[in-house]
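Quick note: the coordinates plus some simple rules give every number you see, no bench work behind them. As the structure is a computational prediction, the values presented were derived from the model and not from experiment. Cβ placement follows ideal geometry from the backbone for every residue including glycine, while neighbour counts extend to all protein chains displayed.
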Amino acid sequence: MTERFNSLARVAAIAALAAALAAPVAEAKVGGGSSFGSRGSRTWSAPPSTATAPRTGQPMQRTETPNVGAQQRPGMGAAAANQGRRFGGLGTGLMAGLLGAGLFGMLFGGGFFSGLAGLASIFGLLMQVALIGGLIWLAMRFFRRRSEPAMAGAGAAPYARSALGGAMPGAASGGGSSRPAAGPVQIGQNDYQAFERALHDIQTAYGREDMQALSYMATPEMVRYFGSDLEANRSQGVRNAVSDPKLLQGDLAEAWREGSTEYATVAMRFSLIDTTLDRNSGRIVSGDPRTPQESTELWTFQRDNGGKWLLSAIQQTA
């Protein structure tokens, strides 16, 4: 039994190592397959789902915008805040009870299933640990959802939906009036064409490592992220070659105004040639130079006082 378990453990370790080595290959595109940037007051709210991105977007992993949604909403009171603290630690409340009765009980003979003495094999122990871990995860998720404030109006308001390449002029997105300093924005044909051009130009400029061109097309925050990613490639002796980006499908998720700044989040499914090359020899490290890769992402653009649209955020679909 022990030899069989050791064999399974070795197989699992090899599989985990292979997955870790393969991850950079699958996520070598602009932004490394992460969600980053800012969407104004909606940075921490999920954009409404669309036909192109029915599962909406992942939370931001890199942003300079504070998560005000995690703060206490007006009227919640001290009781709600204390509730969040009460269930926030692994060593208090229900978490401590599960750990005390389960894990320690199994080790010393007085917990779930009467401890190690009642186990038929080491697999029984693993099943118990997995069960307890699942209960802890479900309990933590339950109390986290109760203690966190709900996203105000995320995805609840109606919005216009149309293909970027053939959008109806004057399409508007309500986006929810309950959010602070927000209002509807008219998105027309010229705007959609600008978004599609930005998709092409930003991808190819990133592939050239052209920071000057990127600074004309993205917000300073996004340019800093691009520069950081390119510097990380240089430190590893590789470069990301991106070419032939093509928009396959796209639609508007939401558009809104905050003061003199307008925002528009669009879902885009696109294809491109994406490879990672050795910086010195040009040898292909990952990717296929002959086969386009497809991705679906949510790109948010912003403009001030009716000026040029600048990329302010990229989100992966959930």
Item to check | Per-peptide average of other Cβ atoms within 10 Å, ordering 211-223, 47-59 highest first | outcome: 47-59, 211-223
Checklist entry - Sorted by average packing, counted as other Cβ atoms within 10 angstrom per residue and highest first, what order do 232-238, 311-317 take? => result 311-317, 232-238
Checklist entry - Tell me, what HN-Hα J-couplings in whole Hz come from the Karplus equation 6.51 cos²θ - 1.76 cosθ + 1.60 at θ = phi - 60° for each residue of segment 265-282, using x for Gly and Pro? => result 10, 10, 8, 9, 9, 9, 10, 6, 8, 9, 10, 10, 10, 5, 5, 8, 8, x
Checklist entry - For the residue pair Ser271 and Gln189, what label-to-label distance in nm results when each label sits 7 Å from Cα along the Cα-to-beta-carbon direction? => result 2.7 nm
Item to check | Chain lengthening between Gln249 and Asp304 when straightened (0.36 nm per residue, less Cα-Cα) | outcome: 17.1 nm
Item to check | Cα-projected label distance for Leu135 with Arg257, points at 7 Å along beta-carbon direction, nm | outcome: 5.6 nm
Next on the checklist: So if I take the centroid of the Cα atoms in segment 261-276 and the same for segment 183-253, what is the distance between those two points in Å?
Outcome noted: 7 Å
Checklist outcome for this item: Computed for segment 240-318: size of charge dipole around the Cα centre, +1 on C-beta of each Lys and Arg, -1 on C-beta of each Asp and Glu, debye to nearest 20, value 240 debye
Checklist entry - Can you list residues whose amide H is under 5 Å from Val238's amide H, if they're 5+ apart or on another chain and H is modeled 1.01 Å from N? => result Arg279
Item to check | Order by protection proxy (mean Cβ within 10 Å, highest first), peptides 243-250, 258-265 | outcome: 258-265, 243-250
Item to check | Spin-label model distance (nm) - Asn280 vs Ser34, 7 Å beyond Cα toward Cβ | outcome: 2.7 nm
Next on the checklist: Check which residues have an amide H placed less than 5 Å from Arg39's amide H, if you skip close sequence neighbours.
Outcome noted: none
